[in-house]
Amino acid sequence: MAMVELFSGLNISATGLRAQRVRQNVIASNIANVETTRTPDGGPYKRQHVVLEADPYEFDQFLVKEQNKIRGAKTQDGHIRIPQPQWPVSRENIGSGVKVLEISKDEGPNKLVYNPGHPDSDENGYVHMPNVNIVEEMVDMITATRAYEANTTAFNSTKAMLMKALDLAN
C-alpha cells in the first residue's frame, strides 16, 4: 500500500469539512440578509444554496492507480495466474472526496409584505422581501453543523488509527 493511500480517509473527511464550512457560510449569509430589500443587482436578496458533488478527480486518480497495479501484476513462470478484477469499478463501490459544484440562487417567489411607508414599496404598497425562510435556514444550519461534526469525528478516528499503526510499527 502506498503512503498516499494511507491518507485517503483523512482527505475524504477534509473535503467534507471544507464543503460543510461553505454551506455554513452561505446559510449565515441567508440569515443575515433576511430583510435585505435592495441589492446591487436590484431587487431583494435571493436565497442561496450550495450544490455538492463527489469529486471525480480524486476518484479517477484512484482508478488509474489501481488499474495500473492490477495490469502490472505478474507471477513467476509456472505459477497460477492472478485473477483480474472486473474493470471499470463503479463509483458506487469506492468513496471519494466531495467538492462544491456551485452556489446557486433560489429563484423562488419573493415574499410580499404590505408596508406603504417603506422606501422600497411598489405602487400598491407592497415590499418585495427576500425568499428566505428563517426556520428552513436554521434546520439547514443544524444539518450542516452535524455533518461538519461527523467529518471531524471521522478525521480524528482515522488519525488515531494511523497513529496506532505507527506505534505498532515501532
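The values are calculated or read from the model by the stated rules, or taken from the named source; none is laboratory data. Worth saying up front: this structure is predicted, and the values here are computed from it rather than measured. Counting neighbours? That spans all protein chains shown, and the Cβs are built from the backbone with ideal geometry, glycine included. For accessibility, only protein heavy atoms count, side chains too; no ligands or nucleic acids. Shrake-Rupley method; radii C 1.70, N 1.55, O 1.52, S 1.80 Å.
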Q) Roughly how many Å² is the accessible area per residue of region 91-170, as a whole number, for a 1.4 Å probe? A) 71
Q) How much accessible surface does D122 have with a 1.4 Å probe, in Å² rounded to 10? A) 50
Q | Karplus-derived 3J(HN,Hα), 6.51/-1.76/1.60, for each residue of region 97-112, Hz, glycine and proline x | A | x, 10, 9, 7, 6, 6, 10, 10, 8, 7, 8, x, x, 6, 7, 9
Q: Would you mind counting up the charge near P44? Only other residues with Cβ under 11 Å from its Cβ, with Lys and Arg at +1 and Asp and Glu at -1.
A: +1
Q. Which far-off residues, 5 or more places away or on another chain, put their amide H under 5 Å from the one on T36, with H placed in the peptide plane?
A. Y45
**Q.** Cleavage-rule hits, GluC sites (Glu not before Pro), region 116-170, DSSP coil, Cβ neighbours within 10 Å at most 16
**A.** E123
Q) Using 0.36 nm per residue, how much length does the chain from A160 to K105 gain when fully extended, once their Cα-Cα distance is taken away? A) 15.8 nm
